[in-house]
Amino acid sequence: GDPPGDPLPVQSRPFASYGSALHITLPQPPRAGQLLTLHIDYEAGEGPGVCWLTPEQTAGKQKPYMYTQGQAVLNRSFFPCFDTPSVKCTYSAVVKVPEGFTAVMSATSWEKEKDNTFIFKMSQPIPSYLIALAVGDIVSADVGPRSRVWAEPCLIEAAKKEYDGVIEEFLAVGEKLFGPYVWGRYGQRAWFPGAGASELVLTEPPAPPGRYDILFMPPSFPFGGMENPCLTFLTPCVLAGDRSLADVIIHEISHSWFGNLVTNATWGEFWLNEGFTMYAQRRISTEVYGLPYTCLEAATGRALLRQHMDNTGEDHPLNKLRVVIEPGPVFPFFVGVNPEDTYNETPYEKGFCFVSYLAHLVGDQSKFDGFLQAYVNRFKFQSITADDALGFFLEYFPELKEKGVDTIPGFEFDRWLNTPGWPPYLPDLSPGEQLMKPAEELAELWAADGLNVEAIEAVDIAAWRTYQLVYFLDQVLQKSPLPEGNVERLSKMYPKISKAQNAELRLRWCQIILKNNLEAEYSKVKDFLHSQGKQKYTLPLYRAMWAGPEAARALAMETFSATAPQLHINVQNYVKKILGLEVTE
């Protein structure tokens with residue numbers, strides 16, 4: 001999944017509501033290596049892993065929709081499984097859906113039979129959390145030799161325009177850096193309904209190996225993305241109209257090697273999935289967009305880690321890379337802690353710092369890239385622990401093992417894993433300064449008492465890419481409230497910002513409106529919250545409204561009562577907590 005962005009309160013929910021264990025006794029004890037076939041009849045659909053959307057919660061507003069979300073431990077409420085990332089298996093499924101609906105799954109082959117029945121097979125072993133299903137009014141369009149986008153009919157044109165040719169470029173760079181993309185080598189028959197096509201087209205297998213498709217979810221999808229193999233689930237918020245958020249997909253593509261192919265054996269070492277993926281994402285981004293831009297994006301990530309650690313306190317037990325997921329001082333209430341409740345920035349950004357530190361020890365980028373390829377090759381289709389990963393690192397670089405790099409005082413591997421707090425090593429992000437400096441200087445100008453209009457007009461932001469604008473707005477937000485009248489002037493001067501369709505810019509502009517009590521633009525906050533339900537955008541805005549004056553609180557109540565039905569149940573509950581309302585169990 002994508003980084004949480006907005007730190008969530010640590011809450012503990014017992015696992016009881018997720019169903020109960022299934023115990024099976026056999027007539028006689030099985031022999032080692034013996035194959036058993038179990039037939040289990042079950043009914044599911046009530047649990048938290050299966051999301052049922054009403055037509056109001058979709059983009060088209062005409063037909064209902066359903067999807068599953070397995071990570072971390074929700075698929076136990078979707079089908080009987082060994083719901084741990086330490087077990088990998090292949091799967092197949094036969095899915096019958098009503099006329100007018102299409103089913104898609106995270107599978108390597110798919111066929112459509114009569115009676116609107118779909119047959120899926122995943123021929124490569126995956127952990128249970130990556131098995132995913134979606135059913136709705138969904139069509140598809142090709143965007144590359146091994147990629148197509150799937151979406152509701154009203155979104156398909158936008159999706160095709162935004163991603164045509166883009167995905168293949170990212171995949172090709174990933175393969176160059178980390179080795180072959182292995183997911184979804186298609187069988188002989190594949191079906192794909194074209195947008196608006198009434199009949200099914202049988203296609204020959206695509207030329208490059210594998211399949212990487214994207215399903216654009218309804219606007220109420222609470223996450224940025226979920227890396228289900230062969231079929232990433234993605235928020236429609238990345239459809240900015242100008243390809244400016246296409247790099248969000250680089251994170252999910254990077255999971256094709258780190259997370260999906262080499263997987264953390266326990267959720268307590270989630271950094272093995274996410275720290276390596278953040279590193280891989282930034283390697284691809286450096287190749288595609290250059291080092292300065294990537295350093296700027298990484299600086300934004302580091303700021304989120306800082307904010308998270310300030311909110312929780314650095315020495316909070318969740319701020320370790322190796323989290324103990326069992327009852328103890330953090331979760332004293334019951335047996336079995338829900339890994340969902342340990343989700344935060346640390347495995348992503350502190351994990352990224354640790355992987356960067358390993359690269360720093362090697363001291364040569366191409367050698368470290370070679371190590372990453374060897375690492376993927378050594379552990380592909382397996383689930384591993386941090387000890388496996390670090391053991392392999394030292395074995396691959398015997399000269400570093402010889403020097404005892406795992407026990408350098410202050411940077412011990414053990415300290416990285418088991419001591420909470422700020423990373424002992426931070427990668428150098430100074431190449432990003434050429435983009436950050438102008439943004440910082442411009443924010444300074446806008447925060448001044450008497451505006452120096454001449455100096456402001458001398459800065460041309462037309463060529464700034466998304467993260468440079470985001471960085472600028474974060475600086476403006478930190479300096480808010482600005483002197484009287486400055487925000488209005490800023491709004492008029494930069495329609496590129498104040499009228500943006502880009503979700504990352506809209507979030508920050510809405511935060512600036514609220515921090516400066518700019519009631520004239522409250523409608524923008526309302527419109528943005530009506531347009532999507534992503535947790536990372538929704539919760540900070542409700543927090544900001546609730547912390548504001550009476551008018552802002554009224555806006556929060558009014559907006560929530562209008563949009564609650566279109567939000568994911570978890571997000572509804574988080575907002576209710578912020579607004580002090582009764583929470584639905």
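The values are calculated or read from the model by the stated rules, or taken from the named source; none is laboratory data. Quantities reported herein were computed from a predicted structural model and do not represent experimental measurements. Ideal geometry is used to build each Cβ from the backbone, glycine not excepted, and the neighbour counts take in all protein chains shown. We work out accessible area using only protein heavy atoms, side chains counted, and drop any ligands, DNA or RNA first. Shrake-Rupley method; radii C 1.70, N 1.55, O 1.52, S 1.80 Å.
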**Message:** Which count do you get for residues in the stretch 513-558 that are in a helix (DSSP H, G or I) and touching a His at 6+ places or on another chain (Cβ under 8 Å)?
**Reply:** 1
**Request:** Filter the stretch 441-464 down to residues that are surrounded by 13 or more Cβ atoms within 10 Å (Cβ to Cβ) and either touching a Ser or Thr at 6+ places or on another chain (Cβ under 7 Å) or not in a loop (DSSP other than H, G, I, E, B) (or both), then give me how many there are.
**Result:** 9
**Message:** I'd like the full set of residues that are in a strand (DSSP E or B), open to solvent by less than 60 Å² (accessible area, probe 1.4 Å) and of a type in the set (S, T, N, Q), limited to the stretch 79-106.
**Reply:** Thr102
**Prompt:** Is there a residue in the stretch 19-42 that is surrounded by 10 or more Cβ atoms within 10 Å (Cβ to Cβ) and at pLDDT below 75?
**Reply:** yes
**Request:** Return the only residue of Pro424, Pro431 being of a type outside the set (Asp, Glu) and closer than 15 Å to Ala298 by Cα.
**Result:** Pro431
**Message:** As an exercise: evaluate Phe560 against (1) free of Cβ contacts under 8 Å to residues at least 60 places away in the same chain; (2) open to solvent by less than 10 Å² (accessible area, probe 1.4 Å) and give the number of the one condition it does not meet.
**Reply:** (2)
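Can you tell me how many residues in the stretch 423-440 are open to solvent by 30 Å² or more (accessible area, probe 1.4 Å), closer than 14 Å to Leu291 by Cβ and part of a loop (DSSP other than H, G, I, E, B)? It would help to see each step written out before you state the result.
Within the stretch 423-440, the first condition is being open to solvent by 30 Å² or more (accessible area, probe 1.4 Å), and the residues that meet it are 424-426, 428, 430-431, 433-435, 437-438, 440.
Applying the additional criterion that residues be closer than 14 Å to Leu291 by Cβ yields 428, 430-431, 433-435.
Those left that are additionally part of a loop (DSSP other than H, G, I, E, B): 428.
Within the stretch 423-440, residues that are open to solvent by 30 Å² or more (accessible area, probe 1.4 Å), closer than 14 Å to Leu291 by Cβ and part of a loop (DSSP other than H, G, I, E, B) number 1.
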**Item:** Lone unmet requirement of (1) surrounded by fewer than 23 Cβ atoms within 10 Å (Cβ to Cβ); (2) within 17 Å of Val376 (Cα to Cα) for Arg302
**Value:** (2)
**Request:** Would you be able to say whether some residue in the stretch 406-418 is assigned by the TED database to the domain that holds Gly313, β-branched (Val, Ile, Thr) and without any contact (Cβ under 8 Å) to a residue 24 or more places away in the chain?
**Result:** yes
**Prompt:** Tell me, which helices (runs of 4 or more DSSP H) wholly within the stretch 348-409 include 1 or more residues that are surrounded by 13 or more Cβ atoms within 10 Å (Cβ to Cβ) and among the aromatic types (Phe, Trp, Tyr)?
**Reply:** 351-362, 365-379, 386-396
**Complete:** Counting only residues in the stretch 278-299 that are buried (at least 22 other Cβ atoms within 10 Å of the Cβ) and free of Cβ contacts under 8 Å to residues at least 60 places away in the same chain, the one farthest from the chain's Cα centre (by Cα) is identified as Ser285
